[in-house]
Every structure is written in structure tokens, then in C-alpha cells.
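Asker: What follows is a single structure, and I will ask about it in a moment.
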Amino acid sequence: MDSLSNGRAGLHPAKQARSRRTEERLLRAALVRLREVPFEDLTIRDLVTAAGSSVGAFYKRFRDKDGLLSALIAHLQEDTRALLADMSLDGPPQRRVRAWVDTAVTHWETYGGLFHTLLVRSRVEPGYLDVGAGLMALATERLHAALPSVAAEEVERATRAAFALLDQSMIFGRIPGGPGAEHDALVAELDIITCTLLHLEAS
């Protein structure tokens with residue numbers, strides 16, 4: 001996970017290297033716990049225990065749980081841009097789709113709980129829809145860059161289907177924790193769906 005920038009909404013600036021490391025541990029622990037429990041059920045005590053930190057250290061860095069959520073969203077946005085920018089555009093269309101799908105699954109393995117939190121919150125706080133829409137736009141733009149000859153509407157439809165499947169997989173506990181057979185199986189399933197919607201033969 002990349003180093004986190006400071007001074008974002010809800011995040012008190014961490015000035016020293018040790019303080020920044022504590023901040024990163026808290027954010028990493030939050031991402032792991034959000035794969036296991038809803039954000040509303042995540043307690044600060046539980047979080048700091050998982051991070052090997054303290055309640056005092058938490059409040060030195062975040063104003064409250066919503067401040068933590070703001071910091072997580074900011075890092076998600078930064079990491080999404082970086083990950084998509086690193087995605088390979090080499091090879092035939094099927095290989096490019098496979099690279100995009102693998103990138104998406106890998107990203108959900110880290111951020112799936114946060115993605116689901118945003119979806120749930122958007123039902124009562126529409127502002128969170130903008131965050132999800134922005135991430136989907138980034139993913140759609142990258143997939144279209146990989147497949148410039150495919151109509152934009154088809155690329156958008158494929159992206160929406162991929163996001164829906166990944167969220168459903170998160171709800172039912174099918175998002176794997178990293179490389180392995182489960183990761184490969186989900187990539188293969190999503191690859192078939194995406195290629196079908198794009199009128200391509202899956203790799």
C-alpha cells in the first residue's frame with residue numbers, strides 16, 4: 001500500500017515518520033476489518049486492537065469514525081488511479097480485458113469492504129454515490145483505453161456488471177484474500193462475463 005498523504009478531510013496531519021506508520025497501520029487494519037464487519041459495527045476499540053495501537057493514537061489522527069472513513073476514501077481514490085495507470089495495455093483485446101479484470105479483483109481484495117460501505121451509505125447519504133461514480137468512471141475510462149474500438153456504451157455496461165458481481169461476491173464472502181485458486185476462479189468468472197458483454201471470446 002502506498003504512503004498516505006496527510007491533511008485530508010478528517011485526518012490530522014502526521015508529522016513524524018513513526019506517526020505516519022501508526023496512521024498507515026490504522027488504515028490497513030480498518031480495511032481488513034471492513035471485510036469482516038459492517039462499518040457501523042466497527043468500533044474504535046476493535047480497530048486499534050487489530051492495529052496494535054491505542055484509542056489515543058486514533059484520535060490524534062482522526063476526528064472520529066467518519067474522519068477515518070474520509071481518509072480511507074481518499075486513499076482508495078489515490079490507489080485506484082495508480083493501479084489502473086499501471087495496468088498493461090499490451091497484447092490482444094482478450095489479454096487486455098484479462099489484465100483489467102485481474103486488476104479489479106485484486107483491488108476488491110483490498111477495498112471490497114470499503115466499496116460495500118460506500119454502497120450502503122449512498123442509500124441514505126447520496127453524496128457517497130459521487131465517490132462510487134468517480135471510481136467507476138476511472139475503471140470505465142481505463143477499460144475503454146484498452147479497447148478503443150469498442151463502443152463506450154458497451155464498455156460502461158461491462159464495467160457496471162463487473163462492479164455488481166464484485167459487490168455481490170463481497171456480500172456472500174466470495175472475495176478471496178489474495179493470490180490462489182479462489183482468486184483465479186473469480187477472475188475467470190468475471191473475465192467470461194466481461195468478454196461476453198464486450199462481444200469478445202474470453203482468454
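Asker: Would you point out the residue of the stretch 23-46, among those that are part of a loop (DSSP other than H, G, I, E, B) and surrounded by fewer than 16 Cβ atoms within 10 Å (Cβ to Cβ), that is modelled with the lowest pLDDT?
Answerer: 36
Asker: Confirm whether residue 157 is assigned by TED's automatic domain parsing to the domain that holds residue 190, more than 21 Å from residue 29 (Cβ to Cβ) and at pLDDT below 90.
Answerer: no
Asker: When the residues of the stretch 101-143 are narrowed to those that are under 15 Å from residue 83 (Cβ atoms) and among the acidic types (Asp, Glu), which ends up surrounded by the fewest Cβ atoms within 10 Å (Cβ to Cβ)?
Answerer: 141
Asker: Another one. Pairs, please: C-beta under 8 Å, at least 6 apart or cross-chain, first residue within 23 Å of residue 100 (Cβ to Cβ) and not assigned by TED's automatic domain parsing to the domain that holds residue 97 and in the stretch 120-143, second β-branched (Val, Ile, Thr) and assigned to a helix (DSSP H, G or I)?
Answerer: Listed by first residue and then by second, the contacts come to nothing, as the list is empty.
Asker: Sticking with this structure for a sec: Given the options 64, 41, name the one that is outside the structural domain of residue 158 (by TED's automatic domain parsing), more than 25 Å from residue 198 (Cα to Cα) and in contact (Cβ under 8 Å) with a residue 12 or more places away in the chain.
Answerer: 64
Asker: Of the numbered conditions (1) at pLDDT below 95; (2) exposed (fewer than 15 other Cβ atoms within 10 Å of the Cβ), residue 202 satisfies every one except a single condition; which is it?
Answerer: So residue 202 meets the others, but not (2).
The values are calculated or read from the model by the stated rules, or taken from the named source; none is laboratory data. As the structure is a prediction and not an experimental result, all values here were calculated from the model. Virtual Cβ from ideal backbone geometry, glycine too; neighbours counted across all protein chains shown.
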